[in-house]
Amino acid sequence: MLPPGLPDYHVHTFRCGHAGGESREFVERAIARGLAEIAFTDHVPLYFLPPDKRDPRLAMREDQFDEYVAEVRGLAREYEGRIAVRIGIEADYAEGFEDRLRGWLDRAEWDVVLGSVHWVAGDWIDAPGSSKRFAREGVETLYREYYRLLAQAAECGLFDVLTHFDLPKKYGVRAPSAVLDAESAAIAAAARAGCAVEVSSAGLRKPVAEIYPESRILSRLIAQGVPITFSSDAHAPAEVGWGYEQTLAHAREAGARSFATIEKRIKIRHPLPGV
Ligand SMILES: [Zn+2]
Ligand SMILES: [Zn+2]
């Protein structure tokens, strides 16, 4: 059983086109796992792509947005007193489209807005086959661009939490030491902006088989005072709270003394269990 008080702040529903199960089953799993909070954070519609490129297998359609918000609100009411169900969204950061994203975020009152950089230099950085991109476009170039965008995401002020901080490693392509300066700039930007980062077990289920962010980066974030929170990036009910024994140990080893919960976009720090 997990220590009490933990959240899972990164959970998808069927609307993203690549997750399965009823939303209610995710909540039930969170309760069974002993979590205190679950935030649904489906992908915002792909506002930064032309309409014919908005693949419904990657993010909810625009016409699903209102029913998504309504469903999560309904679950929050229904489960009140048993578990806190938070309303969230995983929002892509896309340079130059900040106003358009603000328009989407203004359409609901969120508990938590996740900021994600998936779209890098004109394509997905985390799609199957992205290893070929690294070979073609250069590992250093893509990592550098990724961290540049991540720093901008922190600074734009639209996000509460930066997700999967070292996402480009997903298929096992590691950052060269030459991009340390870009990584440092992203860490500093998160610290300045007061953005939290998630310690995510999702990476354990990917080819890289490693938590996001890796311990060296997580230690640097924590040393700079960046709040951490916990998430699974669940795409199925069984993945809610998945791997938390490992993510908790990972956070402790990186020097974390506290974690944050977030309600109505306000962060509250709690002592990290077991330290
Ligand atoms: Zn993501
Ligand atoms: Zn996600």
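The values are calculated or read from the model by the stated rules, or taken from the named source; none is laboratory data. This structure is a prediction, so every number in the text was calculated from the model and none was measured. Virtual Cβ from ideal backbone geometry, glycine too; neighbours counted across all protein chains shown. To get the accessible areas, we keep the full protein, side chains included, count just its heavy atoms, and leave off ligands, DNA and RNA. Shrake-Rupley method; radii C 1.70, N 1.55, O 1.52, S 1.80 Å.
Quick notes on this structure:
- Nitroxide proxy distance, nm - points 7 Å out along Cα→Cβ at Arg24 and Arg205: 2.2
- Cα-only Debye scattering, the stretch 110-168: base-10 log of I(q)/I(0) at q = 0.21 Å⁻¹: -0.78
- Calculated FRET efficiency, Glu95 to Ala188, Cβ-Cβ distance, R0 = 25 Å: about 0.85 to the nearest 0.05.
- As a rough guide to protection, the peptides 42-51, 87-96 ranked by mean Cβ packing within 10 Å, highest first, stand as 87-96, 42-51.
- With the simple spin-label model, which puts each label point 7 Å out from Cα in the Cβ direction, the Leu2 to Ser258 separation comes to 2.1 nm.
- Taking 0.36 nm per residue of separation and subtracting the Cα-Cα distance, full extension of the segment from Ile268 to Leu180 would add 28.7 nm.
- Built amide H within the under 5 Å cut-off of Thr229, gap 5+: Val197, Glu198, Val199, Ala260
- Each Lys and Arg Cβ is given +1 and each Asp and Glu Cβ -1; about its Cα centre, the stretch 90-182 then shows a dipole of about 540 debye.
- Beta-bridge orientation, the stretch 44-203: approximately 20 percent antiparallel, per DSSP, counting only bridges with both partners inside.
- Shown in residue order for the stretch 168-182 are the 3J(HN,Hα) couplings computed by the Karplus curve 6.51 cos²θ - 1.76 cosθ + 1.60 at θ = phi - 60°: x, 7, 2, 9, x, 7, 8, 5, x, 4, 5, 9, 3, 5, 5 Hz (x for Gly and Pro).
- Largest-first ordering by accessible area, 1.4 Å probe, given options Arg257, Arg133, Arg29: Arg257, Arg29, Arg133
- DSSP bridge pairs, the stretch 196-275: antiparallel proportion in percent, nearest 5: 65
- Pairwise centroid distance, computed over Cα atoms, of the stretch 1-77 with the stretch 174-239, Å: 21
- Each DSSP beta bridge with both residues in the chain is either parallel or antiparallel, and the antiparallel ones are about 25%.
- GNM top mover of Asp160, Asp181, Asp126 - the chain, alpha-carbon springs below 10 Å: Asp181
- Between Trp124 and Val275, full extension at 0.36 nm per residue minus the direct alpha carbon distance yields a gain of 50.6 nm.
- Ranked by the mean number of other Cβ atoms within 10 Å of their residues, highest first, the peptides 246-254, 227-235 come out as 227-235, 246-254.
- Range of Cα positions in the chain per principal axis (Å), largest first: 50, 48, 32
- The stretch 6-120 - Rg (one decimal) and Dmax (whole number), Cα, Å: 14.1, 43
- Projecting label points 7 angstrom from Cα along Cα→Cβ for Gln224 and Arg82 puts them 4.1 nm apart.
- Under 20 Å from a label point set 7 Å out along the Cα-to-Cβ vector of Ala70, the amide N atoms of the stretch 10-39 belong to 13-17, 22-25.
- For Ser177, solvent-accessible area (1.4 Å; no DNA, RNA or ligand), Å²: 100
- Multiplying the residue separation of Arg107 and Ala236 by 0.36 nm and removing their Cα-Cα distance gives an extension gain of 43.8 nm.
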